[in-house]
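Please read the structure below before turning to the comments.
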Amino acid sequence: MEGTGLFRNSRCIGGWPLTILLMVYLTRKAEFSASHVYHNPEFTAEENRRIFGKCNNPNGHGHNYMLEVTVKGEVDPRRDSSWISNSSKK
């Protein structure tokens, strides 16, 4: 007997159901920017250039980042949904 729906495969072995669950992946992407300043007003212009190099800027400079986080889990067969089981546990 083959399974349908949320289950990839559902067979009976010795009269007992054997179920292989689907693995679900949930990914969240977020973009953000951050800035920092590599400049010390107590240093001379030459000291700032020597110590901080091309990053020396009294106004600072920024970078753009993309964070991507993926969690995975098996579909909980006791629920009629595709929520990841035990998603709040480590």
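The values are calculated or read from the model by the stated rules, or taken from the named source; none is laboratory data. Values in this document were obtained by computation on a predicted structure and should not be read as measured data. When we count neighbours, we look across all protein chains shown, and the Cβ atoms used for this are built from the backbone with ideal geometry, even at glycine.
Observations
- Members of region 54-73 found to be of a type outside the set (Val, Ile, Thr), touching a strand residue (DSSP E or B) at 6+ places or on another chain (Cβ under 8 Å) and at pLDDT below 95, listed by number: 55, 56, 57, 60, 61, 62, 63, 72, 73
- The set of residues from region 46-64 being surrounded by 10 or more Cβ atoms within 10 Å (Cβ to Cβ) and of a type outside the set (A, V, I, L, M, F, W, C) comprises 47, 48, 49, 50, 56, 57, 58, 60, 61.
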